Amino acid sequence: MSSDSSLSNFTVDTLLSLLETSEASFIAGLTLSHQILTFENTIVALTDEVEKLRYLAARTKAPHAPQLQLLEEWCLNNDLKKFRRKLCVDPDVFTSLVRKLENHPVFSNNSHNPQLPVSVQLAIFLNGVGHYGNGATTEDVAEWAGVSIGMVYNCYCRVMIALLQLHDDVIHFDPMELEDQQERDRAKQWVKSRSCPEWRGGFMCVDGSPFNLFQKPGWHGEGFYDRKSRYSLSAQVVILPHNLRIVDYVIGVPGSLHDSNVFSRTRIYHHPETFLGADEWIWADSAYPSLLWCVVPFKRSSTEPMPNAHKIFNQHLSKVRI
C-alpha cells in the first residue's frame, strides 16, 4: 500500500514539474519570437528609409553648362551648317521628327516629375547616334545637354522605341502605291537631269557602309575584321537618289564579308520584281554583281588599258550613283 502511494506521489510531482517546464519554455519561445519579429520590423523600416533617401551621403551636384539653346540660335540665324554638324539633320527635318514622335505614349508618364520635352530628348538622341568615338560618350552628351548620364540613357531608349514604331511607315516601297509611284517618277526625273533620258530607268542606288564596333567581339571576333582594319558590322542600303529615302536595307552582317555577299541578303536581291518593273534597274559600284536589274561600272583591267567608251560610261555613271 505504501509502495503504491509513493508511486502515485512521484507521478504527480513529475507531471507538475514537466508542466511548469513546458510553460516556461512556451513563454520563452513567445518572447524570442516577439524579439525576432521586432528585429525584422526594424530592418524593414530601415530598408524603407534607405530606399526613400537613395543616398546615404550628401551628393555634390556636378556643374553643367548646357548648349541646347545654341540649336535655336542657329535656326534663328539660319546657320544650318552648325545645326547639321551637331544633329546631322536640317531644322525642318528635326521639326518633322518631333511632330511624328511627340504623341507616342513612351513620352508620357504619371510621375510628379515630368519628362524632358520631346524636342530635347530627340536632340540628345541625334547628337549621340550622329557621332562616333570620344564625341559620342554619354558623359560628353550629358554635359552638352546639361542632364545626368542616366537621363541620356533614358532618352536613347525612349526615342528608339518611338522610332521603331514608325519603321514600316517610313522604310517601304510598293510600285502599286500612288505615293511610291510619285516618288519613283521624281527619282527618274532626277536621274534624267543628271544623265540622259535613256538612263531614267535606273531610279535606285545601292551601297554599303560599315558600323564600327568599340572593340573586337568575344565570339568569332576575326569575322568582324573588315578591309579597313577595323571591327565592324556591315550594312547595305538601297535608296532613291533624289532624296536619299531608304527603301530596303540589311544590317548586322560581320564586316569581313564582301559587299556583294551582304547585298545578296537584301529583299530586292531575292525579289527584284517587287521593286522594279520592265526596263528599270538600280545603280551600284564595281563591287557588286552585274545583273539585268543591277548596273555597275566597267572594271579596270590589270593588263589592258580601259577603252575610252568605258571611261565615258563610268564618268557619267558616277554623276548618278551617290
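The values are calculated or read from the model by the stated rules, or taken from the named source; none is laboratory data. Quick caveat: nothing in here was measured; it's all calculated off a predicted structure. Cβ placement follows ideal geometry from the backbone for every residue including glycine, while neighbour counts extend to all protein chains displayed.
Can you find, within segment 219-256, the residue that is surrounded by the fewest Cβ atoms within 10 Å (Cβ to Cβ) among those that are of a type in the set (A, V, I, L, M) and over 25 Å from LEU317 (Cβ atoms)?
ILE251
Find all pairs meeting these conditions: Cβ atoms under 7 angstrom apart; at least six residues apart or on different chains; first residue within segment 74-98 and on the phi > 0 side of the Ramachandran plot and not assigned by TED's automatic domain parsing to the domain that holds LEU122; second residue among the aromatic types (Phe, Trp, Tyr) and surrounded by 13 or more Cβ atoms within 10 Å (Cβ to Cβ).
As it stands, the answer is none, since no pair meets every condition given.
So HIS242 fits all but one of (1) out of contact with any Lys or Arg (no Cβ under 9 Å at 6 or more places or on another chain); (2) under 30 Å from TYR132 (Cβ atoms); what number is the exception?
(1)
Read through the list (1) over 23 Å from LYS100 (Cβ atoms); (2) part of a helix (DSSP H, G or I); (3) of a type outside the set (A, V, I, L, M, F, W, C); (4) not assigned by TED's automatic domain parsing to the domain that holds ARG230, then give the number of the only condition that ASN113 fails.
Every listed condition holds for ASN113 apart from (2).
For the condition among the basic types (Lys, Arg), over 28 Å from VAL98 (Cβ atoms) and surrounded by fewer than 16 Cβ atoms within 10 Å (Cβ to Cβ), what is the one hit in LYS188, LYS216?
Step by step, each of LYS188, LYS216 is checked, and only LYS216 is among the basic types (Lys, Arg), over 28 Å from VAL98 (Cβ atoms) and surrounded by fewer than 16 Cβ atoms within 10 Å (Cβ to Cβ).
Residue under question is ILE246, and the condition is that it be within 23 Å of ALA136 (Cβ to Cβ), β-branched (Val, Ile, Thr) and touching a residue at least 60 places away in the same chain (Cβ under 8 Å); does it hold?
Here the answer is yes, as ILE246 does meet what is asked.
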